[in-house]
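Peer 1: Have a look at this one before I ask anything.
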Amino acid sequence: MSEMTARKGDRRGGAAILLIALFAAAPVGAMLAGALEADAAPSIFASDVGQRYVATTLLLCALAGAGAGVVGAIAAMLVSLTEFPGRRILGVALALPFAIPAYVAAYAYGNLFGPFGPVAAIIGAEALPEIRSLPGAAFVLMLTTYPYVYLAMRASLAARSGAMMEAARMLGASPLRASAGVLLTASRPAFFGGLALALMEIAADYGVADFFGVPTLSVGIFRTWHGLGDLHAAMQLAAALFFVALLLVLMESASRRGRASEDVRAARKARRIRLSPLQGAVAFLICLAPVLFGFIAPAGLLISILQPEMNAIVLRGLAQAGINTALIAAAGALIAVFLSLLLAYGARAARGRFIKLALRAATLGYAVPGAVMAIGVLALSASLARVSGHALAGGALVLLYAYVARFLTAGYNAAAGGLAQISPQMDGAARTLGAAPGRVIREVHWPMARLSLLAGAAIVAIDIAKELPATLILRPFNFETLSTQIYRLASDERLADAAPAALILIGLGLLPSIALSLIADGGQKKTRKSEALAGLETQTVN
């Protein structure tokens, strides 16, 4: 009887996963099919324009990715391996640039380095660097994506076995050489995993590249569809951007397999090197710089230009955009968490390689850039119209579909993490006692998994609120969210009017940013007691 029940649960779980995978992957599938249509117009990549979009995207990824990798790795090394004044505060503060959407930082820096901005008033307009350029876009994206590398490497360094450092020191290596030669080498998978995530964000960016006039693939998708109405060319550009993202996903997955093999069994961690006063001051300034330029400068500028009395029209627009954002973010979060629960329960019940592949397809959306997902939804609608004569329902429902398909992964990770705390034996014991499935979910699963589910819903809602390219492409006429209002006002050089909405988005992003930093710090705190018992003490570098 129990075997028959298990088989029935396996079939139901597999069916749920397959249906949700079809729902989530359909836009990408339709986009790829449309891009490869043989009887369509010539490929846009045969023209100089298409080739320029690809080359600029790759160059932007190279510049911003290299900067994010260097800044994140150096900050993680200093915070994790050395002791200097202010280390703990900076350890948390280094994650704060996560809270600022990249396009908001771009608008702030465009104002700072504008002809009438604060920098021009100090050094003169003639001496201003050209911020609205490819190097300027790389600079802003570096500042907003280096926390991926920083947090990944810091968590890895916190988990390093102290025995590795002990062995290096016994062989006569200096503290600095032991740190660089042992710990950093072992943390390479974490570095490349964080770098892959940073590159995904850089490749997917639209707001920074558009505002700074950098012709990337995301900008090309928007121009081709909105400016020219050429869906086929937009699908070709979207397919190219999708394959760039897919390559980075494979890179991140490979790094995760490397991290899975890390030896974290030893309780002790590496001894932190105590720096001299001069070295400590240098380390403090190095760690302060990313926080200063990545968070304090843009957020401080937005606060400084807030107007004491807002224009009534702008205030009404802000209120309406806030309501629209809250409603669609809440609806998207609820749908995403519901589907995520079905996926998590299906994965719990079903087994098999095909089911795992379907689960991977259902949760691929987080790696798909917003512009690609939006073009995919349009392509799916066009395909349905050709086949059945009925396109997808318009309005906010199409936008909601794109949001759920893209951010389903965040909800699934939270749901799967919550259910992982519940042993299948607990379910079996409850059924043995005669509890119905609904009662098991209500009285066993919900109390244990609710915090994870609520956290997942909050993350999805914040991601929806910050999403820009998909919203711009798919939103109904005259439908404003906080992100599109910021985009419209900043594009009209009205950053003071856009500042309240921008600060709201920054406020929404602060909580997960601080939480991520504290989680990365948790690995080090757990070893503090065992470190004291082992008699480890910090050392001074001469």
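Peer 1: What full-extension length gain, to one decimal in nm, is calculated for Gln51 and Ala326 as 0.36 nm per residue of separation minus the Cα-Cα distance?
Peer 2: Roughly 95.1 nm would be gained on extension.
Peer 1: Excluding ligands and nucleic acids, what accessible area in Å² is computed for Val119 using a 1.4 Å probe, to the nearest 10?
Peer 2: The value for Val119 is about 30 Å².
Peer 1: Still on this model: Contour minus end-to-end for Ser304 and Leu19, with contour as 0.36 nm per residue of separation and end-to-end as the Cα-Cα distance?
Peer 2: Additional length available on full extension: 97.6 nm.
Peer 1: If you average 1/r over all unlike Cα pairs in the stretch 306-403 and invert the result, what Kirkwood radius do you get in angstrom?
Peer 2: Taking the inverse mean of 1/r over all distinct Cα pairs, the stretch 306-403 comes out at 16.7 Å.
Peer 1: Here is a further query. Could you sort the peptides 358-371, 310-323 by per-residue average Cβ neighbour count (10 Å cutoff), highest mean leading?
Peer 2: Output ranking for 358-371, 310-323: 358-371, 310-323.
Peer 1: Hey, another quick one. Which distance in Å, rounded to a whole number, links the C-alpha centroids of the stretch 18-82 and the stretch 115-134?
Peer 2: Centre-to-centre distance over Cα atoms comes out at 31 Å.
Peer 1: Please sort 407-419, 324-336, 292-304 by packing, taking for each peptide the average over its residues of neighbouring beta carbons within 10 angstrom, highest first.
Peer 2: Ranked from most to least packed, the peptides come out as 407-419, 324-336, 292-304.
Peer 1: For Ser43 and Asp230, calculate 0.36 nm times their separation in residues minus their Cα-Cα distance, and state this gained length in nm to one decimal.
Peer 2: 66.1 nm
Peer 1: Turning to a different aspect of this structure: What are the ³J(HN,Hα) couplings of the stretch 454-470, residue after residue, when phi is run through the Karplus curve with 6.51, -1.76, 1.60 and θ = phi - 60°? Round to Hz, x for glycine and proline.
Peer 2: With coefficients 6.51, -1.76 and 1.60, one gets 5, 5, x, 5, 5, 5, 4, 4, 5, 4, 5, 4, 8, 5, 10, x, 4 Hz.
Peer 1: Still on this structure, I have one more. Rounded to whole Hz and in sequence order, give me ³J(HN,Hα) for the stretch 297-308 from the Karplus expression 6.51 cos²θ - 1.76 cosθ + 1.60, θ = phi - 60°, writing x for Gly and Pro.
Peer 2: Calculated HN-Hα couplings, in order: 5, x, 5, x, 5, 4, 5, 5, 9, 4, 8, x Hz.
Peer 1: Once label points are set 7 Å from the Cα along Cα→Cβ at both Glu126 and Leu315, what is their separation, rounded to one decimal in nm?
Peer 2: 4.5 nm
Peer 1: Ignoring ligands, DNA and RNA, how do His226, His232 rank by accessible area with a 1.4 Å probe, largest first?
Peer 2: Result, largest first: His226, His232.
Peer 1: Using amide H atoms built 1.01 Å from N in the peptide plane, name the residues 5+ places from Glu83, or on other chains, whose amide H lies under 5 Å from its own.
Peer 2: Sorted by chain and number, the residues that satisfy this are Ile273, Arg274, Leu275.
Peer 1: Between the stretch 197-255 and the stretch 456-473, how far is it from one alpha carbon centroid to the other, in angstrom?
Peer 2: Cα centres, the stretch 197-255 to the stretch 456-473: 17 Å.
Peer 1: Using r as the Cβ-Cβ distance of Ile286 and Ala420, and R0 as 30 Å, what FRET efficiency do you calculate, to the nearest 0.05?
Peer 2: It comes out at approximately 0.20.
Peer 1: I've got another one for you. Under a crude label model (7 Å from the Cα following the beta-carbon direction), how far is Phe477 from Arg88 in nanometres?
Peer 2: Distance between label points: 5.9 nm.
Peer 1: Mind ranking Asp492, Asp205, Asp230, Asp48 by accessible surface for me, highest first, 1.4 Å probe?
Peer 2: Asp48, Asp492, Asp230, Asp205
The values are calculated or read from the model by the stated rules, or taken from the named source; none is laboratory data. Only a predicted model underlies this, so the values are computations on that prediction, with no experimental measurement involved. Note: ideal-geometry Cβ built from the backbone for every residue, glycine included; neighbour counts use all protein chains shown. Just the protein is used for accessible areas: all its heavy atoms, side chains included, with ligands, DNA and RNA removed. Shrake-Rupley method; radii C 1.70, N 1.55, O 1.52, S 1.80 Å.
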